[in-house]
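What follows is one structure encoded as structure tokens, with my remarks underneath.
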Amino acid sequence: MDKHVILRNEEERDWPAVERLTRRAFYNQYVPGCVEHYLAKRLRSHPDFIPELDLVLELEG
């Protein structure tokens with residue numbers, strides 16, 4: 001069975017899920033805990049941030 005995959009721009013409603021996924025992916029990888037999820041959050045408000053390049057992959061909703 002084929003999976004339905006969509007690549008789209010990140011929307012504000014995605015932010016909590018993206019930060020949770022980032023935290024899970026990097027927790028205790030390089031240092032105890034992680035800060036990568038915080039970096040993802042901060043990047044969105046940076047003046048050099050390019051929203052058109054901020055993508056998420058959606059798998060079956």
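Rule-based calculations on the coordinates, nothing more; no lab input. Because the structure is predicted, anything quoted here is derived from the model rather than measured. Neighbour counts are summed over all protein chains in view; Cβ atoms, including those assigned to glycine, are modelled from backbone coordinates with ideal geometry.
Structure values in brief
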item	result
Matching residues, region 42-53, being outside any loop (DSSP other than H, G, I, E, B) and among the hydroxyl-bearing types (S, T, Y)	none
Residue list for region 1-41, restricted to those being in a helix (DSSP H, G or I) and touching a residue at least 40 places away in the same chain (Cβ under 8 Å)	D14
Residue list for region 18-30, restricted to those being over 21 Å from I50 (Cβ atoms) and surrounded by 12 or more Cβ atoms within 10 Å (Cβ to Cβ)	R23, F26, Y27
